[in-house]
Amino acid sequence: MSLKNKILLGSAAILVQLGMIGAAHADTVLRCDNCSPAQLRSKALSSPLGWTYLVDYPNANLTLWQVRHDGELRMKVADQEAVDPATYNRFLYLLDVSVQAQAGGQSLVVVNVSPDNYNGTIFTDDPFGGFSNISAYDVVKSVTVRNQLGENIARAMSAGGSGNGVLTNLGMTLNSFMMSMGVPTGYKIVITWRDGTKTSMTIDSSSANQAKYVAGESKDDNTNPIPDSTASSGDGGDIFAGQFYFDDADSLQKWLDAAVMAGIPITGAPSGSNRLNCTWDGQKLDCSHH
């Protein structure tokens with residue numbers, strides 16, 4: 001064996017002894033109901049190396065552990081760390097909302113927000129980011145906007161006060177864990193934009209890293225449904241058949257632009273009444289100026 005290979009093998013052996021090779025790192029969330037301090041530590045030690053949240057549901061308790069390999073002791077150890085107040089308050093909020101949802105038989109908890117007013121307990125950071133001045137029409141028209149807005153909402157809902165990016169990501173896992181425990185199964189975020197239009201997004205245990213756009217629920221500032229992908233679906237008639245009224249020609253034109261993108265044919269010419277009549281023949285929508 002060459003000297004070089006001997007050195008490499010010797011170095012690898014030392015790293016194994018120090019726990020730097022062969023030890024998987026993964027951040028996780030586990031449940032430990034009614035656990036004593038010793039049981040909590042034991043549960044933490046059962047998790048991989050990394051950060052671990054332990055949830056004690058009956059006692060509304062959340063603990064944070066850093067599981068690591070101690071080089072001097074040559075063994076796995078679990079150090080309890082303080083849960084930052086923002087994360088702990090959101091944990092208590094989710095538990096409280098869960099109890100209320102179960103009592104009311106709700107599967108989704110509705111959270112109403114706007115760029116100028118959002119729940120600081122559930123959203124540690126600004127959930128809008130650079131999208132504070134957009135409208136529901138912008139969300140309908142752009143997949144990129146929908147995806148980025150969804151990511152912003154999920155990150156704001158999982159961020160803690162520590163600024164630790166690893167714990168923010170683990171916060172998403174914690175949210176997913178909490179929502180997977182039963183009712184509610186998720187949250188519907190209803191956004192009222194500054195121009196009065198509305199967008200709905202949902203976040204649940206399967207999408208804790210990105211809130212998803214709810215098609216068919218976008219509204220203009222007159223509460224008219226904004227055309228999107230549902231216009232050509234089986235739900236199109238239920239949502240878009242009827243008469244629609246608009247405050248002015250500009251509001252009407254924004255709706256017409258969205259309708260064209262959604263594939264809705266428009267017949268007739270504007271009469272100045274700023275009204276539309278839409279019908280559903282069982283397969284497609286047709287709209288005309290009224």
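The values are calculated or read from the model by the stated rules, or taken from the named source; none is laboratory data. Everything quoted here is computed from the prediction, not taken from an experiment. In this analysis, Cβ positions are derived from the backbone assuming ideal geometry, glycine residues included, and neighbour counts consider all displayed protein chains. These area figures cover heavy atoms from the full protein model, side chains too; ligands, DNA and RNA do not enter into them. Shrake-Rupley method; radii C 1.70, N 1.55, O 1.52, S 1.80 Å.
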Can you tell me which residue in the stretch 107-136 is nearest to Ile191 (Cα to Cα), limited to those that are open to solvent by less than 60 Å² (accessible area, probe 1.4 Å) and of a type in the set (Gly, Ala, Ser)?
Ser114
What's the number of the condition Ser98 fails, among (1) of a type outside the set (Val, Ile, Thr); (2) open to solvent by 30 Å² or more (accessible area, probe 1.4 Å); (3) under 17 Å from the mean Cα position of the chain (by Cα)?
(2)
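One line per residue, one yes/no per condition, for (1) in a loop (DSSP other than H, G, I, E, B); (2) aliphatic (A, V, I, L, M); (3) buried (at least 23 other Cβ atoms within 10 Å of the Cβ); (4) in contact with a Lys or Arg (Cβ under 7 Å, 6 or more places away or on another chain):
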residue: Asp138; (1), (2), (3), (4): no, no, no, no
residue: Thr144; (1), (2), (3), (4): no, no, no, no
residue: Asn147; (1), (2), (3), (4): no, no, no, no
residue: Glu151; (1), (2), (3), (4): no, no, no, no
residue: Gly161; (1), (2), (3), (4): yes, no, no, no
residue: Lys188; (1), (2), (3), (4): no, no, no, no
residue: Thr199; (1), (2), (3), (4): no, no, yes, no
residue: Ser207; (1), (2), (3), (4): yes, no, no, no
residue: Pro227; (1), (2), (3), (4): yes, no, yes, no
Which of the residues spanning the stretch 75-93 are surrounded by fewer than 18 Cβ atoms within 10 Å (Cβ to Cβ) and in a loop (DSSP other than H, G, I, E, B)?
Ala82
For the stretch 233-262, give me the residue count where each residue is open to solvent by less than 50 Å² (accessible area, probe 1.4 Å), farther than 15 Å from Gly216 by Cβ and free of Cβ contacts under 8 Å to residues at least 24 places away in the same chain.
1
Looking at the stretch 112-129, is at least one residue in contact with a Lys or Arg (Cβ under 8 Å, 6 or more places away or on another chain) and hydrophobic (A, V, I, L, M, F, W, C)?
yes
What pairs can you find where one residue is in the stretch 263-278 and on the phi > 0 side of the Ramachandran plot and free of Cβ contacts under 8 Å to residues at least 60 places away in the same chain, the other is surrounded by 11 or more Cβ atoms within 10 Å (Cβ to Cβ) and hydrophobic (A, V, I, L, M, F, W, C), and their Cβ atoms are less than 6 Å apart, with a gap of 6+ or different chains?
Asn274/Phe246; Asn274/Leu252
Please state which of the following conditions Asp221 fails to meet, knowing it meets all the rest: (1) closer than 24 Å to Val190 by Cβ; (2) assigned to a helix (DSSP H, G or I).
(2)
